[in-house]
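The values are calculated or read from the model by the stated rules, or taken from the named source; none is laboratory data. Because the structure is predicted, anything quoted here is derived from the model rather than measured. Cβ: placed from backbone, ideal geometry, glycine included. Neighbour counts: every protein chain shown.
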Amino acid sequence: MEPVVSIIMGSTSDLPVMEKAAQFLDELQVPFEMNALSAHRTPEAVEEFAKNAHTRGIKVIIAAAGMAAHLPGVIAASTPLPVIGVPIKASLDGIDALLAIVQMPPGIPVATVGINGALNAGILAVQMLSLSDATLKAKFIAYKEGLKKKIVKANEDLKDVKYTYKVN
């Protein structure tokens, strides 16, 4: 089994956030890899990874970083692959990371999800892969249908919640 998604984080301290993307990919049976690489501490390794990821069969990169949050942009600068940035709440409530990731110069885009939004990054990666994978697209459609069913059930369950002035 060869990975098609690469989850990269600046530090393993990001793992509690990033495991949500990993769990989603695992649930939909999408092969992925996870690595810790730092734009500041291991810049040569980041550049080598970014330049070669597409030759190894990687199709989408999810890159997480907090604070200065250069990792997603540095990767995007050196790869032809789509990069999804996940800003990590490490300082300033994650606003610093969000702004660092979303403010990329023309020609170096990074699709950016919300602060600590690793699940949405995994979902976006699956949507990208689904463009050329009918089996994965069917799994994703079923996932979305499941989301709808959860809300319908939750709304039904609200009927059992009682308040003096609640009329439904």
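Every residue, every condition in (1) assigned to a loop (DSSP other than H, G, I, E, B); (2) crowded, with 20+ Cβ neighbours inside 10 Å; (3) out of contact with any His (no Cβ under 8 Å at 6 or more places or on another chain); (4) at pLDDT below 95, yes or no:
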residue	(1), (2), (3), (4)
Ala69	yes, yes, yes, yes
Pro72	no, yes, yes, no
Ile75	no, yes, yes, no
Pro87	no, yes, yes, no
Gly114	yes, no, yes, no
* Is it the case that some residue within the stretch 122-144 is free of Cβ contacts under 8 Å to residues at least 24 places away in the same chain, assigned to a helix (DSSP H, G or I) and surrounded by 17 or more Cβ atoms within 10 Å (Cβ to Cβ)? -> yes
* Asked: Among the residues of the stretch 26-33, is there at least one that is crowded, with 20+ Cβ neighbours inside 10 Å and more than 19 Å from Met128 (Cβ to Cβ)?
  -> no
* Asked: So which residues in the stretch 36-88 are over 15 Å from Ile7 (Cα atoms), polar (S, T, N, Q) and touching a residue at least 24 places away in the same chain (Cβ under 8 Å), if there are any at all?
  -> Ser78
* Asked: Of all residues in the stretch 84-108, how many are over 22 Å from Pro16 (Cβ atoms) and either in contact with a Pro (Cβ under 8 Å, 6 or more places away or on another chain) or among the hydrophobic types (A, V, I, L, M, F, W, C) (or both)?
  -> 4
* So Ile84, is it among the aliphatic types (A, V, I, L, M) and within 27 Å of Ala63 (Cβ to Cβ) -> yes
* Structure fact -> A careful count of residues in the stretch 89-101 that are part of a helix (DSSP H, G or I), surrounded by 17 or more Cβ atoms within 10 Å (Cβ to Cβ) and either of a type in the set (A, V, I, L, M, F, W, C) or on the phi > 0 side of the Ramachandran plot (or both) gives 5
* Asked: Among the residues of the stretch 43-61, is any within 16 Å of Ser11 (Cα to Cα), out of contact with any helix residue (DSSP H, G or I) (no Cβ under 6 Å at 6 or more places or on another chain), modelled with pLDDT under 95 and surrounded by 18 or more Cβ atoms within 10 Å (Cβ to Cβ)?
  -> no
